[in-house]
Amino acid sequence: MSKEFNRRDFLKKSTMAGFTGCALLMAARLNPAFASSPFFNNDDVPDPKLLNYCGYKCPDDCEFLKATVNDDVELKKKAYEQWKIKERHGVDFDPEKIFCWGCKTDKPLGVVVKNCTVRKCVIEKGMDSCIECSDLKTCKKDLWERFPKFHEAVIEMQGKYLAAKG
Ligand code: SF4
Ligand code: SF4
């Protein structure tokens, strides 16, 4: 496990792991708490409250977010296909139903977020993120099974988090 964890590295690993298509946005412009998050500074300790439940950070330029904010039907259609919403969730395309406001949001939950087993599990455990969970390494949730490299990256992030906690 490397000593240093940084956001750029994490995002690179997430992208390499194919984990570009979860759902969310949490863009700094919509959630100012993120903009001032110490986690945005490389090598700072990850804060579970500022992460999505699985440990992911939605990229600021997420197309699904952009489609949702602008209520852009063409972009929603693109996101619908990219996120494989028909295949994975069995939902037909309807611009009213295809949106995503993020994983931790007061706004209505999009279908991808609503169906996420990791999100449900973290909430049931009363935690803010999987990096707080002692079962992370062995957890078999489908997200980790589908994106093993992302799983590794989150485990690495957990190491940083636990080391800082002491
Ligand atoms: S917890 Fe689930 S819905 Fe939230 S970012 Fe992770 S995969 Fe997406
Ligand atoms: S059991 Fe798995 S999905 Fe649930 S909180 Fe722990 S690591 Fe996350």
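Spot the failing condition for K57; the list is (1) buried (at least 19 other Cβ atoms within 10 Å of the Cβ); (2) in a helix (DSSP H, G or I); (3) within 11 Å of ligand 1 (Cβ to nearest atom), and only one is missed.
All conditions pass for K57, except number (2).
If I ask for residues that are near ligand 1 (Cβ under 9 Å from one of its atoms) and either assigned to a loop (DSSP other than H, G, I, E, B) or aliphatic (A, V, I, L, M) (or both), which ones from region 110-127 would you list?
Residues satisfying the conditions are G110, V112, V113, N115, C116, V118, V122.
I'd like the residue in region 153-166 that is modelled with pLDDT under 90 and part of a helix (DSSP H, G or I) and, out of all such residues, is surrounded by the fewest Cβ atoms within 10 Å (Cβ to Cβ).
For region 153-166, the residue satisfying everything is K165.
Considering only region 106-150, state which residues are more than 14 Å from ligand 2 (Cβ to nearest atom) and within 12 Å of the chain's Cα centre (by Cα).
Scanning region 106-150 gives V112, V113.
When the residues of region 128-147 are narrowed to those that are among the hydroxyl-bearing types (S, T, Y) and not in a helix (DSSP H, G or I), which ends up surrounded by the fewest Cβ atoms within 10 Å (Cβ to Cβ)?
First, pick out the residues of region 128-147 that are among the hydroxyl-bearing types (S, T, Y): 129, 134, 138.
Within this subset, residues satisfying the condition of being not in a helix (DSSP H, G or I) are 129, 134.
Numbers: S129: 25, S134: 9.
Step by step, filter region 128-147, then rank; the result is S134.
From (1) at pLDDT 95 or above; (2) out of contact with any helix residue (DSSP H, G or I) (no Cβ under 7 Å at 6 or more places or on another chain); (3) within 15 Å of Y56 (Cα to Cα), pick out the condition that doesn't hold for C130.
Every condition holds for C130 apart from (2).
In this structure, does K104 turn out to be within 20 Å of D44 (Cβ to Cβ), in contact (Cβ under 8 Å) with a residue 24 or more places away in the chain and not in a loop (DSSP other than H, G, I, E, B)?
Here the answer is no, as K104 does not meet what is asked.
The values are calculated or read from the model by the stated rules, or taken from the named source; none is laboratory data. Note that this is a predicted model, so its numbers are computed, not measured. Because the Cβ atoms are built from the backbone with ideal geometry, glycine has one as well, and the counts that use them run over all protein chains shown.
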